[in-house]
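The block underneath contains the structure these notes are about, expressed in structure tokens.
Nothing in this text is a laboratory measurement; each read-out follows from the coordinates by a stated rule. Quick caveat: nothing in here was measured; it's all calculated off a predicted structure. No Cβ is skipped: glycine too gets one built from the backbone with ideal geometry, and neighbour counts run over all protein chains shown.
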Amino acid sequence: MTARTNDLECWKLFCLVVEKQGLNAAADFADIEPSRLSRVINSLEAELGSPLLVHNRRPLQTTSFGDQAYAMAKALLAQHALMLETLKDDKDRMEGLITLAIPAGIGPLFVTPQLLEFQQIFPKIEFELITLTSKAEEVFYNHPEKVVHVSIGYGVPGTGDIVSRYSGKMEFIPCCSPSYIKKHGHIVDPSECAVHTGLSYTGGTR
């Protein structure tokens, strides 16, 4: 169970009790039961090991420890609110079109699901996908029609002023025709590959 002292909502309720000068007034303002507020305050005090309020006294009073906790909690809540506002503003400001070059065949399976997840977070960003027809690092300079912002490709990362990031392995499975299998048989152990003929495709994108 998460400690109440680690829950920002509990500190928000504590500050509300202090500002409204009573559990009932705070409960009415927050539209919750006073008993819930009482449990929150009791839990905070139990975990901290010191009383926050002077209990059984009207109007409500805070202890000196409670005064310190209130001041620090208000500062923490204000910082948290600023953090959320800043992050939301930054997300809202991120908009525009990103052109992405990818090798043919891997888009629907490997790329599109990731783009859809990205757009859930940044809905104002759009993507235009084009087919990669040359090495990933060359497409930034040699694409004839438009500026390419991001490219996905195989091989050793580019050098120079291109920022690259390794994203993991792309496995390739060797295959052969039925007639080849009929003539030479199945490969059971990798060591048997030495006696077979293989063709490795090398193109502009791999």
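Return the loop-located trypsin sites (Lys or Arg not before Pro) in segment 1-96 (DSSP other than H, G, I, E, B) with at most 13 other Cβ atoms within 10 Å of their own Cβ; answer none if there are none.
Arg57
Using 0.36 nm per residue of separation minus the Cα-Cα distance, give me the extension gain between Arg57 and Ala194 in nm, one decimal.
Full-extension gain reported as 40.4 nm.
Ordered by residue, what ³J(HN,Hα) values in Hz, to whole numbers, does segment 174-186 give under the Karplus form 6.51 cos²θ - 1.76 cosθ + 1.60, where θ = phi - 60° and Gly and Pro are x?
x, 9, 8, 7, x, 5, 5, 4, 4, 7, 10, x, 6
If Lys and Arg each add +1 and Asp and Glu each add -1, what is the summed charge of the other residues whose beta carbon sits under 11 Å from the beta carbon of Lys12?
-2
Any idea how far apart Ser64 and Ile98 come out in nm if each label point goes 7 Å out from Cα toward Cβ?
The modelled label-to-label distance comes out at 5.5 nm.
Sum up the lysine pairs in the chain that clear both bars: alpha-carbon distance under 19 Å and a spacing of 8 or more or different chains.
Lysine pairs, 8 or more places apart or on different chains, close enough: 7.
If exposed chymotrypsin sites (Phe, Trp or Tyr not before Pro) are those in a DSSP loop with at most 10 other Cβ within 10 Å, what is the longest stretch of the chain that has none?
Segment 1-165 is the longest.
Give the residue from Gly153, Met94, Asn6 lying farthest towards the positive end of the charge dipole for the chain; charges sit on Cβ (+1 for Lys and Arg, -1 for Asp and Glu) and the dipole is referred to the Cα centre.
The Cα lying farthest towards the positive end belongs to Asn6.
Under the classification rounded if a/c is under 1.5, otherwise prolate if a/b is larger than b/c and oblate if not, where does segment 1-115 fall, given a ≥ b ≥ c as square roots of the Cα gyration tensor eigenvalues?
The shape class here is prolate.
Let me make sure I get this right: for segment 93-151, a, b and c are the square roots of the gyration tensor eigenvalues over alpha carbons, sorted descending. Under 1.5 in a/c it's rounded, otherwise prolate if a/b > b/c, else oblate. Which is it?
Oblate shape, in that a/c is at least 1.5 and b/c is the bigger or equal ratio.
Tell me the label only: which of [x] 19.3, 67; [y] 19.1, 62; [z] 31.2, 97 is Rg and Dmax of the Cα atoms in Å as calculated from this structure?
[z]
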